[in-house]
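Okay, structure first, notes after.
The values are calculated or read from the model by the stated rules, or taken from the named source; none is laboratory data. As the structure is a prediction and not an experimental result, all values here were calculated from the model. Here the Cβ positions follow ideal geometry from the backbone for every residue, glycine too, while neighbour counts run over all protein chains shown. Quick note on the areas: whole protein, heavy atoms, side chains included, nothing else; ligands and nucleic acids left out. Shrake-Rupley method; radii C 1.70, N 1.55, O 1.52, S 1.80 Å.
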Amino acid sequence: MSVAAPRTATERKADTLAMLGTPAIDVWVASADIVNGAMCAHLVPLSLAWIGERVVIAVGSDSATARNIREHCTARLGLGPTRDVVMIDAVLEDIIGVAEAPPALADGDAAQADWDPRTADGYVYIVLRPERIQAWRESNELSGRTLMRAGCWVV
């Protein structure tokens, strides 16, 4: 198997932004809680919307994901297949009930995420601000994989 030459940082950023803007793309969302004194990880696939350089996910307001992120204010997200990975470490910016969401947020989420949580009961939008974004395809792209650090693009 031949491995493609590594992309430049600019190409990786463009590819990452294209992936984040893909309609009906799903993201693995990892959150955690402390249960009986031990860290308990929680991982679920969810629909993603990329709105104003923020990740927006819609979840049940009483779900483990919502509880964990509300409590600890962080999440780790993974997009793409194993040979085209985007990893995002994010912090909670806001949790908004679907009935209270600004139209730009709710409409933007529905347009990209392939479903509209406003048609379901008990959902909230979780708005996450990326703090670190990394992207790589093969081991030859591990060096320089960090595209965003401390919430600022380094590319």
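Counting the residues of segment 114-143 that are open to solvent by 20 Å² or more (accessible area, probe 1.4 Å) and touching a strand residue (DSSP E or B) at 6+ places or on another chain (Cβ under 8 Å) gives 10.
For segment 32-59, a residue qualifies if it is of a type in the set (G, A, S), in a strand (DSSP E or B) and surrounded by fewer than 15 Cβ atoms within 10 Å (Cβ to Cβ), and the qualifying residues are A38, A41. Here is a list of conditions, (1) under 20 Å from A24 (Cα atoms); (2) modelled with pLDDT of 95 or more; (3) open to solvent by 20 Å² or more (accessible area, probe 1.4 Å), and V86 meets all of them except one; can you say which number that is? Going through the list (1) under 20 Å from A24 (Cα atoms); (2) modelled with pLDDT of 95 or more; (3) open to solvent by 20 Å² or more (accessible area, probe 1.4 Å), V86 breaks only (3). Scanning segment 144-153 for residues that are on the phi < 0 side of the Ramachandran plot and touching a residue at least 40 places away in the same chain (Cβ under 8 Å), we see that the one that is least open to solvent (accessible area, probe 1.4 Å) is L147. Residues in segment 19-31 that are more than 24 Å from A99 (Cα to Cα), in a strand (DSSP E or B) and either open to solvent by 30 Å² or more (accessible area, probe 1.4 Å) or without any contact (Cβ under 8 Å) to a residue 24 or more places away in the chain (or both): W28, A30.
Before we move on, is A111 surrounded by fewer than 17 Cβ atoms within 10 Å (Cβ to Cβ), farther than 18 Å from A24 by Cβ, among the aliphatic types (A, V, I, L, M) and more than 11 Å from the chain's Cα centre (by Cα)? Here the answer is no, as A111 does not meet what is asked. Return a yes/no flag: does segment 81-89 have any residue that is assigned to a strand (DSSP E or B) and over 24 Å from A5 (Cα atoms). Scanning segment 81-89, I find at least one residue that is assigned to a strand (DSSP E or B) and over 24 Å from A5 (Cα atoms), so the answer is yes.
For (1) in a loop (DSSP other than H, G, I, E, B); (2) of a type outside the set (V, I, T); (3) in contact (Cβ under 8 Å) with a residue 24 or more places away in the chain, each residue gets a yes or a no:
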position	(1), (2), (3)
E100	yes, yes, no
D107	no, yes, no
V124	no, no, yes
V127	no, no, yes
P130	no, yes, yes
N140	no, yes, yes
V155	yes, no, yes
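On the stretch given as segment 1-18, residues that are open to solvent by 50 Å² or more (accessible area, probe 1.4 Å) and in contact (Cβ under 8 Å) with a residue 40 or more places away in the chain total 6. Annotation: of all residues in segment 111-122 being assigned to a helix (DSSP H, G or I) and in contact (Cβ under 8 Å) with a residue 40 or more places away in the chain, the one that is farthest from G21 (Cα to Cα) is P117.
Across segment 33-51, the number of residues qualifying as in contact (Cβ under 8 Å) with a residue 24 or more places away in the chain and under 15 Å from the mean Cα position of the chain (by Cα) comes to 6.
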